[in-house]
Amino acid sequence: SITIHQLSFGEDKRGNLYKILSHLENSSQYLNIFPEYCMGVPVKGLTGNFVQENAEPIDGEFVSKIVSKSGEKGNAVVFTTYLKEKGEVYNAAILAEKGHVKGVYKKIHLFDAFGYRESEIFSAGEDIVVVALNDFVFGLAVCFDLRFPEIFRIMAYRGANMFIVPSGWYRGQYKVEQWRALTASRAHENVSFLVAVDQTSPFFIGHSIVVSPYGVTVKELGEEESCVSLQVDLREVVDARKIIPSIALSKTKLYSRLYNSLVD
């Protein structure tokens with residue numbers, strides 16, 4: 001069982017933290033997923049100064065309180081943070097379960113497009129992250145990563161059968177159409193579920209989405225803040241991969257050396 005928390009986060013980091021904690025406190029579902037930029041976005045847009053002032057290490061208050069809440073509730077949560085580590089700041093997605101951090105993904109593909117320069121604010125991550133919890137193996141990605149199919153195929157090779165993609169998908173011409181096309185493609189070409197949870201106005205489109213292994217939209221939200229719970233069944237992945245064995249068939253001689261070097 002999953003709850004999508006499609007929320008908007010302003011520039012008050014502590015207010016954003018307690019907004020997340022409140023939603024976790026009121027959730028009865030196992031996996032709770034929040035958008036990108038959970039620490040907040042100023043009214044004039046994200047800046048390097050704002051990120052530097054608010055970034056925290058993994059054991060800082062922001063991460064620690066959310067992880068602790070997952071322990072109190074006995075559930076799992078995926079959220080994002082401006083992660084300070086060894087003099088660098090990363091745009092990071094964190095998967096925690098029952099009071100323990102299970103995975104930390106530092107965004108690899110920074111948003112240097114449509115006039116934005118995220119690489120001037122964050123350092124880029126280098127590691128792909130998959131985490132096995134219960135029946136599913138979760139592959140973590142963040143927003144702009146959706147435009148790079150290689151990372152999703154490698155996660156699938158490493159066992160991922162559900163992708164979780166916290167996002168801050170900016171508004172603009174054709175952006176909703178691109179969002180739908182990319183989320184459907186990344187799910188279907190890897191015969192996996194995909195859950196992409198987006199922020200809302202003023203900067204972002206909303207439209208958080210759950211896509212099945214067949215590339216079919218299971219749920220899509222609108223543009224307003226909203227929380228929705230739903231069930232996903234691993235058997236749908238198992239059945240779909242029998243009908244469409246894309247992952248197995250892709251392991252040809254042409255790709256084997258490339259992917260083996262990346263997967264091992």
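The values are calculated or read from the model by the stated rules, or taken from the named source; none is laboratory data. Predicted, not measured: the structure shown is a model, and the values here were computed from it. Note that we place each Cβ from the backbone using ideal geometry, even for glycine, and neighbour counts take in every protein chain shown. Note: areas computed on protein heavy atoms with side chains; ligands, DNA, RNA excluded. Shrake-Rupley method; radii C 1.70, N 1.55, O 1.52, S 1.80 Å.
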(Q) How much of the DSSP bridge set in the chain is antiparallel, in percent, rounded to the nearest 5? (A) 65 percent
Q.
Could you work out the pair-distance distribution P(r) of the chain from its alpha-carbon pairs, with 10 angstrom bin width and percents rounded to whole numbers?
A. 7, 33, 38, 19, 4, 0
Q. Principal axis lengths of segment 60-151 from Cα atoms, whole Å, largest first?
A. 42, 30, 22
Q: Assuming 1.002 mPa s and 20 °C, estimate D for segment 123-193 with Stokes-Einstein, Rh taken as the Kirkwood radius over Cα pairs, in µm²/s.
A: 170 µm²/s
Q.
Using the basic label-point model (7 angstrom from Cα toward the beta carbon), what is the Leu21 to Val228 distance in nanometres?
A. 2.9 nm
**Q.** C-alpha long axis of helix 61-73 to longest principal axis of the chain, angle in °
**A.** 60 degrees
Q: Please figure out what share of the DSSP beta bridges in segment 141-226 is antiparallel and state it in percent, rounded to the nearest 5.
A: 55 percent
Q: Counting only DSSP beta bridges with both residues in segment 72-208, tell me the antiparallel percent, nearest 5.
A: 70 percent
(Q) My understanding is that a pair violates if its Cα-Cα distance is over 20 Å; which of Lys13/Lys65; Lys106/Lys219; Lys19/Lys65; Lys13/Lys98; Lys19/Lys73 do that in this structure? (A) Lys106/Lys219; Lys13/Lys98
Q: State in Å² the accessible area per residue of the chain; use a 1.4 Å probe, count heavy atoms of protein chains only, and round to the nearest integer.
A: 43 Å²
Q | Inter-part distance where segment 128-142 and segment 14-40 are each reduced to a Cα centre, Å | A | 19 Å
(Q) For the chain, set up a GNM with springs between Cα atoms under 10 Å and report which of Ile20, Ile247, Ile33 has the largest fluctuation. (A) Ile247
(Q) Using only Cα atoms and rounding to the nearest 10 degrees, what angle (0 to 90) does helix 234-243 make with the longest principal axis of the chain? (A) 40 degrees
**Q.** Cα-centre dipole for segment 1-152 with unit charges at Cβ (Lys and Arg positive, Asp and Glu negative), debye to 20
**A.** 320 debye
**Q.** Max mean-square fluctuation residue, GNM over the chain, Cα-Cα springs under 10 Å, options His23, His188, His207
**A.** His23
**Q.** FRET efficiency, 1/(1 + (r/R0)^6) with R0 51 Å, evaluated for Ile244 and Asp12 via beta carbons
**A.** 0.65
Q) Taking the Cα atoms of segment 128-238 alone, what are Rg (to one decimal) and Dmax (as a whole number) in Å? A) 13.2, 40
Q. Cα axis of helix 253-263 to longest principal axis of the chain: angle in degrees, 0 to 90, nearest 10?
A. 30 degrees
**Q.** Cβ-placed point charges (K, R +1; D, E -1), dipole of the chain about Cα centre in debye, nearest 20
**A.** 600 debye
Q) Charges only on Cβ, +1 for Lys and Arg, -1 for Asp and Glu: so what's the dipole of segment 175-252 about the Cα centre, in debye to the nearest 20? A) 460 debye
Q. 222 nm [θ] for the chain, helices only, -39500 (n - 2.57) per DSSP H run of 4+, per residue, to 500?
A. -9000 deg cm²/dmol
Q: For the chain, set up a Gaussian network in which alpha carbons nearer than 10 Å are linked by springs, and say which option among Ser28, Ser192, Ser70 fluctuates the most.
A: Ser28
Q) For segment 1-62, what is the Kirkwood estimate of the hydrodynamic radius, computed as the reciprocal of the mean inverse distance between distinct Cα atoms, to one decimal in Å? A) 12.6 Å
Q: Lys and Arg at +1, Asp and Glu at -1: add these up for the other residues within a Cβ distance under 12 Å of Thr47 and post the number.
A: -2
Q | Under 10 Å, Cβ to Cβ, from Asp135 - net charge with Lys/Arg +1 and Asp/Glu -1 | A | 0
Q: Mind checking which of Phe62, Gly103, Thr3 is farthest towards the positive end of the chain's charge dipole, using Cβ charges of +1 (Lys, Arg) and -1 (Asp, Glu) about the Cα centre?
A: Gly103
**Q.** With at most 12 other Cβ atoms within 10 Å, longest stretch of the chain clear of loop chymotrypsin sites (Phe, Trp or Tyr not before Pro) (DSSP)
**A.** 1-113
Q: Over the chain, with every protein chain in place, what whole percent of the accessible area is carbon and sulfur at 1.4 Å, could you tell me?
A: 49 percent
Q) Can you give the relative contact order of segment 1-129 as a percent, counting alpha carbon pairs under 8 Å and 6+ residues apart? A) 21 percent
(Q) In the chain, if the dipole is taken from +1 on Lys/Arg beta carbons and -1 on Asp/Glu beta carbons about the Cα centre, which of His207, Phe148, Val238 is farthest to the positive end? (A) Val238
Q | Rg/Rg_globular for segment 1-105, with Rg_globular taken as 2.2 N^0.38 Å and Rg from C-alpha atoms | A | 1.00
